[in-house]
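Worksheet: the structure to be examined is printed underneath.
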Amino acid sequence: MLVILDNCEQIVEHVAALSRDLLLACPNLHIVATSRERLAIAGEVVYRVPSLSLPPADVDAGHAWSSTPFVSSSTGHGSSTGLRSRAGQRR
């Protein structure tokens, strides 16, 4: 089972306590928590995600968003991301 907790930096201590309790009670549970601060609990793995960039102001709006790293990787056009699907194919 997967639990996703988003924007946890405002209540890090509470999220850490909840996560610790849930993980102790549910051994097959996985938690993804987004925060600017670590939860600092046992077994935590930190993955730093770079900030997304905005398109240049002088580019056509329709093309501008499709050329940003997020949209490019989400639509499968971002080959530089190295993302792979479950089948192991480069996205």
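Computed from the coordinates by the stated procedures, all read-outs in this text should not be read as laboratory data. The model shown is predicted, which means the values in this text are computed figures rather than measured ones. Please note: Cβ atoms are built from the backbone with ideal geometry, for glycine as well, and neighbour counts cover all protein chains shown.
The figures follow:
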item: Proxy reagent accessibility, fewest Cβ within 10 Å first, across Val3, Val45, Val32; result: Val45, Val32, Val3
item: Loop GluC sites (Glu not before Pro), region 1-39, which have at most 16 other Cβ atoms in a 10 Å radius of their Cβ (DSSP); result: Glu37
item: Local net charge near Ile41, Cβ-Cβ under 14 Å (Lys/Arg +1, Asp/Glu -1); result: -2
item: Ranked Leu39, Leu23, Leu5, criterion: other C-beta atoms within 10 Å, fewest first; result: Leu5, Leu23, Leu39
